[in-house]
Amino acid sequence: PVTADLAGRHVVVSAGGTREPLDPVRFLGNRSSGKQGYALARTAAARGARVTLLAANSALPDPAGVDVVPVGTARDLREAVVRAAADADAVVMAAAVADFRPASYATGKIKKKDGAEPEPVALVRNPDILAEIATSRPREGQIVAGFAAETDDVLAHGRAKLASKGCDLLVVNEVGERKTFGSEENAAVVLGADGSETVVPHGPKEALADTVWDLVVERLPGK
Ligand code: C5P
């Protein structure tokens with residue numbers, strides 16, 4: 001639908017996957033392509049929104065008419081989200097954020113030592129950005145949405161996650177080998193904090209994106 005139902009609104013979308021460096025050449029990362037987040041940014045722009053896209057390590061081209069902010073680590077992303085969310089009507093966290101990062105960073109490349117066993121990698125928790133924004137709501141009436149990739153018992157885990165994060169909407173998709181990551185298509189159920197459950201059949205990531213914006217628009221307070 002190319003109705004400008006997001007005209008006059010500022011929306012923030014995170015996309016891609018964070019990378020947590022071990023040393024200057026290595027990182028812990030994930031398989032997120034950024035396609036779903038970019039589809040959210042494009043569709044929001046098409047519906048008239050001012051869009052800030054926080055892009056974590058995605059190889060995709062910048063969508064036209066969108067303000068793209070590149071980020072690397074979860075901590076970079078957190079800073080960018082906090083800055084952009086201050087005046088945002090909606091925040092949609094589609095990025096795959098690393099739950100943990102290496103406890104220390106080696107400023108020189110880590111070397112193998114002859115005959116020695118490798119050192120274990122100690123990890124520490126990253127901040128939960130979605131939970132932070134959802135519980136602090138930097139702008140009144142702001143709608144906050146997250147994504148959850150689940151492999152089993154998808155709806156029960158989704159409901160629990162929605163409640164624990166404190167967001168308004170949670171897009172739950174089933175992942176597994178050859179599902180979702182890097183694919184052009186997605187299938188999901190969007191759970192609402194109000195108890196709503198919207199099934200989005202397998203289809204283009206744009207279709208899921210438009211459904212997310214429909215649900216956001218329904219929940220936005222009038223201007
Ligand atoms: O807890 P889990 O990683 O499954 O939650 C996924 C949702 O939470 C996604 O929307 C993701 O962007 C967000 N998230 C976050 N900060 C983290 C971990 C996940 O904002 N540290």
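Quick one: is ALA156 over 24 Å from ALA84 (Cβ atoms), outside any loop (DSSP other than H, G, I, E, B), of a type outside the set (Lys, Arg) and free of Cβ contacts under 8 Å to residues at least 12 places away in the same chain?
Yes: the conditions hold for ALA156.
Residues being more than 14 Å from the ligand (Cβ to nearest atom) and among the small types (Gly, Ala, Ser): count how many of those fall in the range 134-153.
Counting residues in the range 134-153 that are more than 14 Å from the ligand (Cβ to nearest atom) and among the small types (Gly, Ala, Ser) gives 1.
Among the residues of the range 140-188, write down those that are touching a Ser or Thr at 6+ places or on another chain (Cβ under 7 Å) and modelled with pLDDT of 90 or more.
GLY166
Consider LYS109 against the criteria (1) more than 10 Å from the ligand (Cβ to nearest atom); (2) in contact with a strand residue (DSSP E or B) (Cβ under 6 Å, 6 or more places away or on another chain); (3) under 18 Å from VAL81 (Cβ atoms); (4) among the charged types (D, E, K, R): it satisfies all of them except one. Which criterion is unmet?
LYS109 satisfies all of (1) more than 10 Å from the ligand (Cβ to nearest atom); (2) in contact with a strand residue (DSSP E or B) (Cβ under 6 Å, 6 or more places away or on another chain); (3) under 18 Å from VAL81 (Cβ atoms); (4) among the charged types (D, E, K, R) except (3).
Just name the residue that is farthest from GLY17 (Cα to Cα) out of those in the range 120-158 that are out of contact with any strand residue (DSSP E or B) (no Cβ under 7 Å at 6 or more places or on another chain) and of a type in the set (Asp, Glu).
GLU140
Among the numbered criteria (1) more than 16 Å from the ligand (Cβ to nearest atom); (2) among the polar types (S, T, N, Q); (3) modelled with pLDDT under 95, which one does SER104 miss?
Every condition holds for SER104 apart from (3).
Condition test on GLY146, is it in contact (Cβ under 8 Å) with a residue 40 or more places away in the chain and in contact with a Lys or Arg (Cβ under 7 Å, 6 or more places away or on another chain)?
Answer is yes for this residue.
Mind listing whichever residues of the range 81-101 are aliphatic (A, V, I, L, M) and within 12 Å of the ligand (Cβ to nearest atom)?
Scanning the range 81-101 gives VAL81, VAL82, ALA85, VAL91, VAL92, MET93, ALA94, ALA95, ALA96, VAL97, ALA98.
For the range 1-102, list the strands (runs of 3 or more DSSP E) that sit wholly inside it and hold at least 1 residues that are in contact (Cβ under 8 Å) with a residue 12 or more places away in the chain, in contact with a strand residue (DSSP E or B) (Cβ under 8 Å, 6 or more places away or on another chain) and within 18 Å of LYS165 (Cβ to Cβ); which are they?
10-16, 50-56, 90-93, 100-102
Could you tell me which numbered condition VAL121 fails, if it satisfies all but one of (1) more than 16 Å from the ligand (Cβ to nearest atom); (2) among the aliphatic types (A, V, I, L, M); (3) outside any loop (DSSP other than H, G, I, E, B)?
(3)
Taking the range 104-118 on its own, how many of its residues are surrounded by 10 or more Cβ atoms within 10 Å (Cβ to Cβ) and not polar (S, T, N, Q)?
Selection size over the range 104-118: 4.
The values are calculated or read from the model by the stated rules, or taken from the named source; none is laboratory data. Here the structure is a predicted model, which means the values were calculated and not measured. Heads up, the Cβs are rebuilt from the backbone with ideal geometry, glycines too, and the neighbour counts pull from every protein chain shown.
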